[in-house]
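For reference, the structure is listed below as C-alpha cells.
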Amino acid sequence: MSLPDHLLIDGELVTGGGPEFNVVDPANGETFAALRSSSEIQLARATAAARRAQPAWHALAQPERSRALHDVADRIRVEGEQIAEALTHETGRPLTRNRLYVDMAVDLFRMYAELTRALGGRVAPSNDPGQLSLVLRAPYGVVGCLVPWNYPLLLMVFKVAPALAVGNTVVIKPASETPLSLMVLSEIFATTLPPGVVNTVIGSGQTVGEGLVTDPAVDMIAFTGSTEVGRRLGVLCAEATKPSHLELGGKDPAIVFADADPAIAAEAVAWASFLNAGQVCTSTERVYVHESIHDQFVDAVVGVTGSIRVGDPFEESTQVGPMRSDGRRRKVLGEIEAAGSAGARVVAGGSAIDRPGFFMEPTVLVGVNHEMGVMREETFGPVLPIMAFSSDDEAFALAADTPYGLGASVYTETPARVERAYRELNVGTLWVNDPVVDNLAAPFGGNRASGDARELGLEALESFTTARHVHWNLAQDPKPWWFRQT
Ligand code: NAP
C-alpha cells in the first residue's frame with residue numbers, strides 16, 4: 001500500500017522540509033515509511049494561516065460551517081478503507097477495529113456539525129432596564145492539537161470536530177510514530193475546508209510540538225498524552241497565559257464485588273485490559289476482587305485470556321495486534337519481572353511472542369500487593385494484576401489510592417455501591433457492569449494527574465469556547481448608566 005507523503009498548510013499539500021524520520025510498522029518491526037518533519041518555517045506558516053483564516057471561518061453562517069463539516073464526514077466515509085489501512089500500519093491495531101474507529105470519526109464530524117446549532121448563550125440580569133447583557137460563547141481562535149500514538153485518528157477528531165464546529169481554526173501535530181492516517185486526512189481537509197482552517201505538521205514533540213505550544217499565534221492548546229509531558233506543556237501554557245486542555249495518563253481500577261457474576265465480570269475486565277494490547281488510557285490496569293469469588297474470577301479471566309487471538313492485524317480473525325514499539329514492550333516485560341521478584345505469580349502469558357514485530361502475550365498476575373509498580377504506575381500494556389479484598393471499605397480505599405483520576409469500573413448488583421463509587425472515586429468516567437466503552441454523546445476526560453479536559457458530548461462545545469460578555473446600552477437616554485445615577 002502506498003500512502004501520501006504530505007501535510008496541509010494554508011490549503012496547500014506540501015512535503016516536510018525538516019529532518020528525516022522513519023515510521024516503523026509494529027507488526028513486523030520494519031520501516032514502513034521514511035518522512036521529513038515540518039521545518040520551523042512550515043510551522044510558522046501553518047500557525048499564521050490558521051490565524052488569518054479564523055475570523056472568516058467564525059463569521060461563516062452556521063449552516064455553511066455545518067455543511068463543510070458534513071462534507072469532511074462524507075469524504076472520510078469514501079476514503080475510509082485507506083484511512084483504516086494507514087491506521088493499521090502505524091498502530092498495529094487490527095484492521096477490523098480501525099474500520100470501527102473510522103465510523104466513529106464520521107459520526108463525530110456529523111454530530112458536531114449539528115450540535116453547533118445547540119450552542120446558545122444567555123441574557124444576564126442587568127443593572128438597569130435600559131441595558132442588555134449578552135453572555136456569548138466565542139471560539140478561542142487558533143487551537144494547537146497534539147495527539148498521541150495509541151488512537152491517532154479518534155483523539156485527533158475528538159478535538160478537531162468540536163473546535164471547528166464552534167469557529168476555531170486548528171493546527172494538528174500527530175505523534176511521530178503515527179503520522180500516516182493524518183496524511184490521508186490532510187487531503188480530505190484540503191478539498192472540503194477553506195485554506196488555513198485546518199493545518200497539519202509533523203515532527204518531534206520537543207521541537208515541532210513545543211514550537212506549536214509556544215507560538216504566539218496559537219490561542220489554546222488541546223493535548224492528549226502522558227502526564228509527564230502534559231505537566232510540562234501546562235507550565236509552558238501558564239507562562240504564556242494560554243489556556244490548555246490536558247488529557248493525560250491513568251491507572252484505572254476495577255472492583256468486582258461478591259454480588260457480581262464472576263464469569264461475566266471476568267470477560268468484561270479481560271477486554272477492558274487487553275483491548276489494543278492494553279495501550280488505552282482507560283484500560284483497566286488493576287483489579288480488586290472480593291475474596292469469596294477470587295479463585296473463580298481468576299480462573300475465568302485466565303480462560304478468556306487464553307482465547308484471545310493475538311496476531312497479524314490485517315487478518316480478519318485477529319482480536320489484538322502488537323504493541324506499538326519494542327521499547328514499550330521491554331518496559332512492560334520489566335514491570336512483570338519486577339512484580340515477580342516481589343512475589344507476584346504469572347497465571348497467563350508473561351512473555352514476548354517469538355515472531356517479527358512487537359507482539360506480547362496478554363498477561364494475568366495474582367499475588368500482587370499495593371506497593372508493586374504494576375499496581376501504582378501506568379503500565380500501558382497487556383497486563384492485568386488481580387488482588388483480593390475482604391471488605392467494601394478496603395476495596396474503595398485501594399481503588400482511590402492513586403494520583404490519577406481518569407476512569408474506574410465497578411461490577412455489582414447493589415446501587416448503593418455504585419453511588420459510593422461515584423462519590424469516593426474521583427474519576428471522569430465510572431463504568432458499571434460494562435467494559436470500557438465510549439459514548440460519543442457523553443463527556444470524556446480525567447481529574448488530578450489525569451488532566452482537566454472534557455472532550456466529547458455537549459461539554460466539548462464549552463471546552464473549545466470561552467464566555468464573552470456584550471454590555472449594550474439600549475436606553476432612550478444616551479447618557480451612560482453611571483451618569484444617569486449621579
Ligand atoms: P506523549 O509522549 O506525551 O506524546 C503525546 C504527543 O505530544 C505526541 O504528539 C508527542 O510527539 C507530543 N510531545 C511529546 N513531547 C512533547 C513536548 N515536549 N512538547 C510538545 N509536544 C510533545 O504521550 P504518548 O506516549 O504518545 O501517549 C501515551 C500516553 O497518553 C499515556 O500516558 C496515555 O495514558 C495517554 N493518553 C491519554 C488519553 C486521555 O484521553 N486521557 C488518551 C490516550 C492516551 P512525539 O510523538 O513526536 O514525541
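The values are calculated or read from the model by the stated rules, or taken from the named source; none is laboratory data. Every value quoted in this text rests on a predicted model; they were computed, and no experiment measured them. Cβ atoms come from the backbone with ideal geometry, glycine included; neighbour counts cover every protein chain shown.
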So for the range 95-105 (the condition being buried (at least 16 other Cβ atoms within 10 Å of the Cβ), within 30 Å of GLU30 (Cβ to Cβ), touching a Pro at 6+ places or on another chain (Cβ under 7 Å) and not small (Gly, Ala, Ser)), does at least one residue qualify? yes
Quick count over the range 1-27, residues being assigned to a loop (DSSP other than H, G, I, E, B), within 26 Å of the chain's Cα centre (by Cα) and not charged (D, E, K, R), is 6
Pairs returned, first residue in the range 151-163 that is touching a residue at least 24 places away in the same chain (Cβ under 8 Å), second residue that is near the ligand (Cβ under 9 Å from one of its atoms) and assigned to a helix (DSSP H, G or I), beta-carbon separation under 9 angstrom, 6 or more apart or interchain, are TYR151/PHE158
Within the range 396-424, residues among the aliphatic types (A, V, I, L, M) and either within 14 Å of the ligand (Cβ to nearest atom) or touching a residue at least 12 places away in the same chain (Cβ under 8 Å) (or both) come out as LEU398, ALA399, ALA400, LEU406, ALA408, VAL410, VAL418, ALA421
Based on this model, can you work out whether GLY250 counts as of a type in the set (Gly, Ala, Ser) and more than 26 Å from PRO443 (Cα to Cα)? no
Of the residues VAL437, VAL427, which single one is farther than 27 Å from GLY327 by Cα, at pLDDT below 95 and within 16 Å of the ligand (Cβ to nearest atom)? VAL437
Could you check the range 141-150 and list, in sequence order, the residues that are more than 6 Å from the ligand (Cβ to nearest atom) and at negative phi? VAL142, VAL143, GLY144, CYS145
Find all pairs meeting these conditions: Cβ atoms under 6 angstrom apart; at least six residues apart or on different chains; first residue within the range 273-286 and more than 15 Å from ARG93 (Cα to Cα) and in contact (Cβ under 8 Å) with a residue 24 or more places away in the chain; second residue within 10 Å of the ligand (Cβ to nearest atom) and basic (Lys, Arg). GLU285/LYS251
May I ask you to list the residues in the range 177-204 that are surrounded by fewer than 19 Cβ atoms within 10 Å (Cβ to Cβ) and under 21 Å from the mean Cα position of the chain (by Cα)? SER204
State yes or no: is SER292 more than 25 Å from TRP431 (Cβ to Cβ) and surrounded by fewer than 23 Cβ atoms within 10 Å (Cβ to Cβ)? no
Going by the conditions given, is ALA161 more than 11 Å from the ligand (Cβ to nearest atom) and buried (at least 24 other Cβ atoms within 10 Å of the Cβ)? yes
Go over the candidates VAL197, VAL208, VAL213, VAL229 one by one and state the one that is β-branched (Val, Ile, Thr) and closer than 15 Å to VAL72 by Cβ. VAL197
Residue check: is ASP452 touching a His at 6+ places or on another chain (Cβ under 8 Å) and not small (Gly, Ala, Ser)? yes
Any idea which of (1) without any contact (Cβ under 8 Å) to a residue 40 or more places away in the chain; (2) of a type outside the set (A, V, I, L, M); (3) within 16 Å of the ligand (Cβ to nearest atom) is the one PRO125 doesn't satisfy? (3)
Of the conditions (1) in contact (Cβ under 8 Å) with a residue 40 or more places away in the chain; (2) surrounded by fewer than 16 Cβ atoms within 10 Å (Cβ to Cβ); (3) over 29 Å from PRO94 (Cβ atoms), the single one that GLU64 does not satisfy is (1)
Check GLU394, GLU361, GLU413, GLU377 and return the single one that is over 23 Å from ALA300 (Cβ atoms) and surrounded by fewer than 24 Cβ atoms within 10 Å (Cβ to Cβ). GLU377
How do the pairs read when you match residues in the range 232-252 that are over 17 Å from THR282 (Cβ atoms) with residues anywhere that are polar (S, T, N, Q) and modelled with pLDDT under 95, using Cβ under 7 Å and keeping only pairs 6 or more apart or on different chains? none
Among residues of the range 440-474 being of a type in the set (D, E, K, R) and either surrounded by fewer than 15 Cβ atoms within 10 Å (Cβ to Cβ) or within 15 Å of the ligand (Cβ to nearest atom) (or both), the residue farthest from GLY225 (Cα to Cα) is ARG468
